[in-house]
Amino acid sequence: MTLEPANTFDSAKLPFEQHAVLLYSADDNNKTATKYVNEALRRGQLIVYIPVDTDNNTSHLSEIESEIIKYEDNVNRGNLLTLDIRSFYNFLLAGNVQPFEDLKILLEEAIRERIASNKNDEVTFVSGIAGTLATNQKFDECINSEKWWQKTHSEWLQKGLKVTMICSHPSTIFDKSQFMHYKQAMSSLHDDIMVDAKSR
């Protein structure tokens, strides 16, 4: 694993076709994740973004929209898909991964459509689902979620799909010794760990 300070953001550091962990600080409010969203948009990629839910409500979504370049234009052009974390979160708590299987099919169809339209076929998926589970100390569900994403990401790469996955996780929990099992699982289920230097 490599450690990279994400807040000294460099577009060359956008991980390509990796399943990576992005550790964020307690006061981050999705700002570091949106840097990766914006860089992928600048590169003409399809972005799927599920923000971290830091306060168990959706009031922060308007703030996130203002952080993303040409938010409405990118949504309307089909370059940016934002999803509500709460429904996915609740499905994972119930042990139901069917909505994720449906999302997987939707993404594969979107990639085929972009290829047919001669658009950039690269996809960056930025998700705060597992990190929100970890924040709420739902570690088994968090680990199961990441296992599913790791398996799915491997399948996509085998199919020749250019998908980069960035999973936002809280650095405060990642660093606590009593949650070592969670940290070890996250390290083994990802290709890279990117660290927000503010959290160190």
Using only helices, what value at 222 nm comes out for the chain when you add -39,500 (n - 2.57) per DSSP H run of length 4 or more and divide by the total residues, to the nearest 500 deg cm²/dmol? -14000 deg cm²/dmol
Nearest 10 degrees, 0 to 90: what angle lies between the long axis of helix 139-158 and the longest principal axis of the chain (Cα atoms)? 30 degrees
Would you kindly derive the ³J(HN,Hα) couplings of the stretch 181-189 from the backbone phi angles with the Karplus curve 6.51 cos²θ - 1.76 cosθ + 1.60 (θ = phi - 60°), listing them in order in whole Hz, with x for Gly and Pro? 4, 4, 4, 5, 5, 5, 5, 7, 9
Most packed first (mean Cβ within 10 Å per residue), the peptides 183-189, 143-149, 172-178 order as 143-149, 183-189, 172-178
Can you list residues whose amide H is under 5 Å from T82's amide H, if they're 5+ apart or on another chain and H is modeled 1.01 Å from N? Y49
Just to check I understand the Karplus step: with θ = phi - 60° and J = 6.51 cos²θ - 1.76 cosθ + 1.60, what whole-Hz values come out for the stretch 73-88, glycine and proline as x? 4, 5, 5, 5, 7, x, 8, 9, 10, 9, 10, 6, 5, 4, 5, 5
Debye-sum result for the chain in log10 I(q)/I(0), which assumes one identical scatterer on each alpha carbon, at q = 0.13, 0.14 Å⁻¹: -0.65, -0.76
Computed magnitude of the charge dipole of the chain (debye, nearest 20; Cβ of K, R +1, Cβ of D, E -1): 300 debye
Which cross-chain or sequence-distant (5 or more) residues have an amide H under 5 Å from the amide H of K162, H modelled 1.01 Å from N in plane? V123
Sorted by chain and number, the residues with a modelled amide H under 5 Å from that of H169, at a separation of 5 or more or across chains, are L22, L23, Y24
Taking θ = phi - 60°, what integer Hz values does the Karplus form 6.51 cos²θ - 1.76 cosθ + 1.60 yield along the stretch 101-116, in sequence order, with x for Gly and Pro? 4, 5, 5, 4, 5, 4, 5, 5, 5, 4, 5, 4, 5, 5, 5, 4
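Taken together, the values in this text are just the output of simple stated rules run on the coordinates, not laboratory data. Computed from a prediction, not measured in an experiment: that's the story for all the values here. Positions of Cβ are generated from backbone atoms using ideal geometry, with glycine treated the same way; all protein chains shown enter the neighbour counts.
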